[in-house]
1. Could you name every one of the helices (runs of 4 or more DSSP H) located completely within the stretch A:98-150 that has at least 3 residues being touching a strand residue (DSSP E or B) at 6+ places or on another chain (Cβ under 9 Å)?
2. Any idea which of (1) facing chain A (nearest Cβ under 10 Å); (2) in contact with a helix residue (DSSP H, G or I) (Cβ under 8 Å, 6 or more places away or on another chain); (3) among the charged types (D, E, K, R) is the one B:ASP50 doesn't satisfy?
3. Need a quick list: helices (runs of 4 or more DSSP H) entirely within the stretch A:2-89 having at least 2 residues that are in contact with a Phe, Trp or Tyr (Cβ under 8 Å, 6 or more places away or on another chain), modelled with pLDDT under 95 and open to solvent by less than 50 Å² (accessible area, probe 1.4 Å).
4. Going through the stretch A:109-120 one residue at a time, which ones are touching a Leu at 6+ places or on another chain (Cβ under 8 Å) and buried (at least 18 other Cβ atoms within 10 Å of the Cβ)?
5. Tell me whether the stretch B:123-133 contains one or more residues that are away from chain A (no Cβ under 14 Å), free of Cβ contacts under 8 Å to residues at least 24 places away in the same chain and charged (D, E, K, R).
6. Of the residues B:THR74, B:THR79, which single one is closer than 17 Å to B:LEU32 by Cβ, within 14 Å of chain A (Cβ to nearest Cβ) and among the β-branched types (Val, Ile, Thr)?
7. For the stretch A:90-105, give me the residue count where each residue is more than 22 Å from A:GLY37 (Cα to Cα) and open to solvent by 40 Å² or more (accessible area, probe 1.4 Å).
8. Please work out which one of (1) on the phi < 0 side of the Ramachandran plot; (2) touching a Lys or Arg at 6+ places or on another chain (Cβ under 7 Å) is the condition A:PRO82 fails and give its number.
Protein chains: 2
Amino acid sequence: MEHSDAVRMLDVALAEAEAGRAEGGIPIGAALFGADGRLLGRGRNRRVQDDDASMHAETSAFRAAGRQRGYRGTTMVTTLSPCWYCSGLVRQFGISRLVVGESRTFTGQHEWLAEAGVEVVLLDDARCYELMKGFIAANPGLWNEDIGVD
Amino acid sequence: MEHSDAVRMLDVALAEAEAGRAEGGIPIGAALFGADGRLLGRGRNRRVQDDDASMHAETSAFRAAGRQRGYRGTTMVTTLSPCWYCSGLVRQFGISRLVVGESRTFTGQHEWLAEAGVEVVLLDDARCYELMKGFIAANPGLWNEDIGVD
């Protein structure tokens, strides 16, 4: 994919992450785009806002996209490298492409997804990195809760 | 774990699955139990009922359990072998044990979870098998939608 297309998609996810920060939530955002580039759904981590442990950014965007007959050609974009839960989502539903804002503050299983046929695009976006770095430093307990670290 | 304890837990998940069938939904149920055996949350697939693609039985039970500080010692019980999405949930959050009602109609990644340190108990329960077999035969399109098969 074109770098500019990936950044355009990431900007939607980043806007979700920033809205989450403004709400006092965990600042991770995501969006799902169709094969034609149309936005299908967008969302953000909702652990704090809704007391909902199941709504990571990616699952939130997936949910917002509603029921789909299939996911061939779709792109999931997320501000942060996905955890196993969200990587499993991408793999199970056959989402074709994953655009990752940054993977420095948390590094998921990009190779595992690539081996399963998912195209992984890593942007290493400084805005995403600074947003997450600041959040983790200020809220280590909340961050550990969100990724299941005791 | 004792076989009778596993069956007692499965009965909770099966009641959820049967409630889902009665609602016209996909008849898969799950429950999350604490290290002390206490029920933390129970749920069922909600694709049809809520038009919610993100709510598999396991994610629904996980959500119902609310925010937890950790999952060490917990048991996820599900009427049907988990897909990648739900297997990723179990692995990411460090759920200690997985009790599977049956894995004949759908076979998930038990070995992948076991290698990650999850204790997997497979019951091969005839009630779960018959329930799912009948559903898939009657609703192949809906079932494929739920597991991301085109």
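The values are calculated or read from the model by the stated rules, or taken from the named source; none is laboratory data. Given the structure is predicted, the values throughout are model-derived calculations rather than measurements. Cβ placement follows ideal geometry from the backbone for every residue including glycine, while neighbour counts extend to all protein chains displayed. Heads up: the accessible areas ignore ligands, DNA and RNA and are worked out on the full protein's heavy atoms, side chains in. Shrake-Rupley method; radii C 1.70, N 1.55, O 1.52, S 1.80 Å.
1. Numbers: elements: A:110-115, A:126-138, A:140-146.
Qualifying helices (runs of 4 or more DSSP H): A:110-115, A:126-138.
2. In the conditions (1) facing chain A (nearest Cβ under 10 Å); (2) in contact with a helix residue (DSSP H, G or I) (Cβ under 8 Å, 6 or more places away or on another chain); (3) among the charged types (D, E, K, R), B:ASP50 misses (2) alone.
3. Of the helices (runs of 4 or more DSSP H) lying wholly inside the stretch A:2-89, none has at least 2 residues that are in contact with a Phe, Trp or Tyr (Cβ under 8 Å, 6 or more places away or on another chain), modelled with pLDDT under 95 and open to solvent by less than 50 Å² (accessible area, probe 1.4 Å).
4. A:HIS110, A:LEU113, A:VAL118, A:VAL120
5. yes
6. Of the residues listed, the single one that is closer than 17 Å to B:LEU32 by Cβ, within 14 Å of chain A (Cβ to nearest Cβ) and among the β-branched types (Val, Ile, Thr) is B:THR74.
7. Of the stretch A:90-105, the ones more than 22 Å from A:GLY37 (Cα to Cα) are A:103-105.
Within this subset, residues satisfying the condition of being open to solvent by 40 Å² or more (accessible area, probe 1.4 Å) are A:104.
The number of residues fulfilling the criteria is 1.
8. It is condition (2) that A:PRO82 fails.
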